[in-house]
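The structure appears right after this line, and notes come after that.
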Amino acid sequence: MTKKQDSTSGIAPIKNVADKILPVAPLLSSHKAEWHNIFLAYYQLPACEIPKHYLSQHTFTICSELGSPSLIECSLDNRLKRYYFQSGDIIFCPADVGKSLVWEQKNSCILLALEPQLVEKIAYESLVPKHIEFAPQFKFVDPLIQHLAWALKSELESGCLSGRLYAESAAAMLAVHLLKINSPLKQSIQEYKGGLPAHKLDRAIAYINEYLAQNIGLSELAQVLDMSQYHFARLFKQSVGITPHQYLIKQRVERAKQLLQQRDVSIADIALQCGFANQGHLSYHFKRLLNITPKAFVNSSKNL
């Protein structure tokens, strides 16, 4: 099977969307992570003024750490509010809507950006074929958005061991959640039942197995089957019982198991051949799924 170019409907990985807007560089960023449709950066900001700006992505600004609330002045779409911003609070600014902020004391926050094209593709398949308008929100709390933001921050801190499939699955989940909580259409997301058709499931599995060692993304798999990322992920899980990311890890472990039995190759080299970031990454998932370390597995195989 020829590897399909991951154009993601023409969307390149999101770069640092706030490069020239914020006064300091992020302490953590997905700038080099090659994630499609989603971007995350973690900042520790001093007291500062962020001038009015427009971004082409939907953005969530999430206060990320405990401590005393930070007094801010926030303008969204020419509406101004002044309030205390505290751990877990979220500001949502739709794409191409003007936003400015004045932080009156230091603050730690996560900037999470989502490509509108992903949201609109899911909306097209689930609701109606029209552009979706979202309402800005000054201050709200949403456990799912918080969880996704902190999970992606942890993924960056780990060195992106889980790969694109993990982050892009989170992007699809966030897009659906945004439609559910903020869409003016007030319609439910259409859920498809019964799993993937057999020919599409076979194609997805064959693609995963052929490119197991590469950093496969959810956008890439969905594009191969000409589906939205959300519906592909949902139907794949219905078909095989686990998410695409979980299936990818399982297949990598199985490939590693085969190579450990067949070849006199170092565990570190096998880890890389199977798509793991390093030997430790392989060992973690090998022990988690098979209840034995790769080294112990090799030794037990030699004794058979």
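Entry remark, segment 238-273: residues being in a helix (DSSP H, G or I) and over 17 Å from the mean Cα position of the chain (by Cα) number 23 in total. Is it fair to say Gln146 is surrounded by fewer than 18 Cβ atoms within 10 Å (Cβ to Cβ) and among the polar types (S, T, N, Q)? The answer is no for Gln146. Pairing each residue of segment 194-216 that is at pLDDT below 90 with any residue that is crowded, with 16+ Cβ neighbours inside 10 Å and of a type outside the set (A, V, I, L, M), provided the two are 6+ apart or on different chains, yields C-beta distances under 6 Å for Gly195/Ser239.
Every residue, every condition in (1) touching a Lys or Arg at 6+ places or on another chain (Cβ under 8 Å); (2) at negative phi; (3) assigned by TED's automatic domain parsing to the domain that holds Leu114, yes or no:
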{"position": "Ile205", "(1), (2), (3)": "no, yes, no"}
{"position": "Leu212", "(1), (2), (3)": "yes, yes, no"}
{"position": "Gly217", "(1), (2), (3)": "yes, yes, no"}
{"position": "Asp226", "(1), (2), (3)": "no, no, no"}
{"position": "Ala233", "(1), (2), (3)": "no, yes, no"}
{"position": "Phe236", "(1), (2), (3)": "no, yes, no"}
{"position": "Val240", "(1), (2), (3)": "no, yes, no"}
{"position": "Glu254", "(1), (2), (3)": "no, yes, no"}
{"position": "Gln262", "(1), (2), (3)": "no, yes, no"}
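Restricted to strands (runs of 3 or more DSSP E) entirely inside segment 40-151, those with at least 1 residues that are charged (D, E, K, R) are 48-53, 70-76, 79-85, 99-103, 137-140.
I want to confirm something. Restricting to segment 54-79 and keeping residues that are surrounded by fewer than 16 Cβ atoms within 10 Å (Cβ to Cβ) and touching a strand residue (DSSP E or B) at 6+ places or on another chain (Cβ under 7 Å), which single residue is nearest to Leu152 (Cα to Cα)?
So, considering only residues that are surrounded by fewer than 16 Cβ atoms within 10 Å (Cβ to Cβ) and touching a strand residue (DSSP E or B) at 6+ places or on another chain (Cβ under 7 Å), the one nearest to Leu152 (Cα to Cα) is Glu65.
In a residue-by-residue description of segment 221-236, the property of being in a helix (DSSP H, G or I), surrounded by 17 or more Cβ atoms within 10 Å (Cβ to Cβ) and more than 21 Å from the chain's Cα centre (by Cα) applies to no position.
Run down Ser239, Ser283, Ser266 and say which single residue is among the hydroxyl-bearing types (Ser, Thr, Tyr) and touching a residue at least 40 places away in the same chain (Cβ under 8 Å).
Details: Ser283 fails: touching a residue at least 40 places away in the same chain (Cβ under 8 Å); Ser266 fails: touching a residue at least 40 places away in the same chain (Cβ under 8 Å).
After ruling out the rest, the residue left standing is Ser239.
The values are calculated or read from the model by the stated rules, or taken from the named source; none is laboratory data. Every value quoted in this text rests on a predicted model; they were computed, and no experiment measured them. For neighbour counting, all protein chains shown are included, and Cβ atoms are generated from backbone atoms with ideal geometry for every residue, glycine included.
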